[in-house]
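Each value in this text was obtained by applying a stated rule to the coordinates, not by laboratory testing. On a predicted model such as this, the values are computed, not experimentally measured, just so you know. Glycine gets a Cβ as well: all are built from the backbone with ideal geometry, and neighbour counts include every protein chain shown.
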Amino acid sequence: MNVLNDSIGRKVSYLRISVTDRCNLRCRYCTPEEQFPLLNHPDVLRYEEILTVIRALVPVGIDKVRLTGGEPLVRKNLDQLIGWINDINGIRDISLTTNGVLLAEKGRLLRDAGLSRINISLDTLKPDKFSYITRRNYFPQVMNGIETALSLGFSPVKINVVAMRGFNDDEIIDFAALAERFPVHVRFIEYMPIGSDTGWQADQFMPMHEIRRRIEEVYGPLSPVPEDDFAGPAKVFFLTGGQGRIGFIGALSNHFCDRCNRVRITADGRLRPCLLADIEFDLKSRLRHGADAEEIRALFFEAMAQKPKSHGMSCNTVKKCVRVMSSIGG
Ligand code: SAM
């Protein structure tokens, strides 16, 4: 069977699934302030539907799955879904992107079900700034979540920090210190212009080379970690004398579109070939009209033929994709 290639020969092997559009945080840069319409439960893909899709795609080369949201841990029985995915022959890696709020409570179940890796999003190490940016007071829960992930032996535990000038540019060294003291991978991510109602401003954007320079001023030159299969788009470095690592994801300044191996499914069951382009295919309707594995694959091949070569955004772009990140999943 042909592998899932796009029109310029990129092999797509990594499926990112948003399992819910609901979230227990309201991050200012991710979710609009005012109430925004949430999906009705019947409009969210059911676990059986997600499994049907994954099973259909393994024969064309999908071998990595990431669960995201919204906040994936607010969806009931996520550990069961992980267990079922883990039982699918050919899936060699299941990972999760979470805000960490419910991780202390659910981490063990997730690990026992077969979750391989965890990325935890955290943009500040200061409780008051956390409450400001997330509009919720769950900082202690997130820190507990990180400790739980480490104590349960997840490896690596990645901490994703969206770098925003004027918000957390004064904490870059504090985050680097976290990777010095603990075996975590701290990954800085460029702030992207996503969601038409969220307040991205070009002057809040911080390019990765600036963050790297600031860390090197304190820690000396960072030495690159040889590329590993699970580094994803991050450029990863050892921190001299540190237990963890530092990663940089230059989504705009140094985009990795030429190496993109991803395809996404949104919480409402739409297939999205590129995070930052509003091109979508209605997977859910096909599933609910009884599409078999061959028809599901055909839709993915059709979508891959339209996967943009590049997201076309730059550091001072004005273009924003319309969907908010909380409904795509990041
Ligand atoms: N709730 C989960 C979490 O917090 O990790 C998963 C969903 S969240 C949408 C996934 C990631 O997208 C988070 O790390 C978040 O910081 C990131 N994100 C959201 N909006 C972003 C933006 N405009 N630019 C860069 N990253 C963004």
Mind listing the phi-derived Karplus ³J(HN,Hα) values for region 128-133, rounded to whole Hz, using 6.51, -1.76 and 1.60 with θ = phi - 60°, and x for any glycine or proline? 5, 5, 4, 4, 5, 6
Karplus ³J(HN,Hα) for region 290-307 (6.51 cos²θ - 1.76 cosθ + 1.60, θ = phi - 60°; Hz, whole; x = Gly/Pro) runs x, 4, 8, 4, 5, 5, 5, 4, 4, 5, 5, 5, 4, 5, 5, 5, 10, 5
Compute log10 of I(q)/I(0) for region 200-307 with the Debye formula, placing one identical point scatterer on every Cα and leaving out solvent, at q = 0.12, 0.19, 0.20, 0.22 Å⁻¹, to two decimals. -0.62, -0.99, -1.05, -1.16
May I ask for the percentage of alpha-carbon pairs in the chain that lie more than 25 Å from each other? 50 percent
For Met164, distant residues with modelled amide H under 5 Å away: Asp169
Using Cα pairs under 8 angstrom and six or more residues apart, how large is the relative contact order of the chain, in percent? 23 percent
Just the C-alpha atoms of region 153-223: what Rg/Rh do they give, with Rh taken as the Kirkwood radius? 1.01
Report ³J(HN,Hα) in whole Hz for each residue of region 258-272, in order, from the Karplus equation J = 6.51 cos²θ - 1.76 cosθ + 1.60 where θ = phi - 60°; Gly and Pro get x. 5, 10, 5, 10, 10, 9, 10, 10, 7, 4, 8, x, 10, 8, 10
What 222 nm value per residue comes from the helices of the chain, counting each DSSP H run with n ≥ 4 as -39,500 (n - 2.57) and dividing by all residues, nearest 500 deg cm²/dmol? -8500 deg cm²/dmol
Tell me, what is the Rg over Rh of region 23-165, with Rh the Kirkwood radius over Cα pairs? 0.98
Report, by chain and number, residues whose modeled amide H sits under 5 Å from the one on Val19, excluding near sequence neighbours (fewer than 5 apart, same chain). Thr68, Gly69
Under 5 Å between amide hydrogens, which residues at least 5 positions from His185 or on another chain qualify, with H placed 1.01 Å from N in the peptide plane? Val157, Lys158, Ile159, Arg245
Whole-angstrom gap from region 67-118 to region 244-258, using each part's C-alpha centre: 25 Å
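Net charge near Tyr47: determine it from the other residues with C-beta under 13 Å of the C-beta of Tyr47, scoring Lys and Arg +1 and Asp and Glu -1. Before the final figure, lay out the partial values.
Working: positive: Arg46, Arg55, Arg75, Lys76; negative: Glu48, Glu49, Asp79, Asp87.
Charge balance in the 13 Å sphere: 0.
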So what's the net charge close to Glu295: Lys and Arg +1, Asp and Glu -1, counting the other residues with Cβ under 14 Å from its Cβ? 0
Anything over 20 Å Cα to Cα? Flag those among Lys235/Lys307; Lys11/Lys309; Lys76/Lys106; Lys158/Lys235; Lys106/Lys129; Lys106/Lys158, in the order listed. Lys235/Lys307; Lys106/Lys129
